[in-house]
1. Output the 0 to 90 degree angle, nearest 10, between the alpha-carbon long axis of helix 9-32 and the longest principal axis computed from the alpha carbons of the chain.
2. Quick one: check the C-alpha center-to-center distance for segment 53-68 versus segment 14-49, whole angstrom.
3. Taking a temperature of 10 °C and a viscosity of 1.306 mPa s, what whole-number D in µm²/s does Stokes-Einstein yield for the chain with Rh from Kirkwood over alpha carbon pairs?
4. Given a 1.4 Å probe, how much area per residue of segment 56-104 is accessible, in Å²?
5. Using a 1.4 angstrom probe with every protein chain in place, what is the largest-first accessible-area order of W81, W60, W51?
6. Grab the chain and count how many Lys pairs have their alpha-carbon atoms under 17 Å apart, sequence gap of 8 or more, or different chains.
Amino acid sequence: MKNVSFYNSKTLRLTSFLNIFLLIIATLILHYSENYRGQNPLYVSLKMLGWALFFISIIWSFTNTLLIYFNKYTLKRKLMWIVVSIIPCVYFLSVLFLGFYIKF
């Protein structure tokens, strides 16, 4: 699969930043939906929307990272965009690690 271009470079760069933005929006929805805990239909809908956006961001981050890896970039540009693209996955794994190993 060397030198195969799945998407052009602008699309991959744009989706890397949009993915980070999607993760931030999902985190804010999950945080601020707690204000509507007493209103059952709205609370459940906001939580579902927040979790859906969160996991879509994580899955697309992994997919986008693989697309960048198999795209025809120079090594320097490839590593830079892989780091930008993998940020949501690193965030998820760090929160998962902190949740399991730090007891309050």
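The values are calculated or read from the model by the stated rules, or taken from the named source; none is laboratory data. Nothing here was measured: the structure is a model prediction, and the numbers come from that model. Keep in mind that these areas ignore ligands, DNA and RNA; they rest on the heavy atoms of the full protein, side chains included. Shrake-Rupley method; radii C 1.70, N 1.55, O 1.52, S 1.80 Å.
1. It works out to around 10 degrees.
2. If we compute the Cα centre of each part, the gap is 17 Å.
3. Numbers: Rh = 15.2 Å.
In µm²/s, the coefficient is 105.
4. Result: 73 Å² per residue.
5. W51, W60, W81
6. 6
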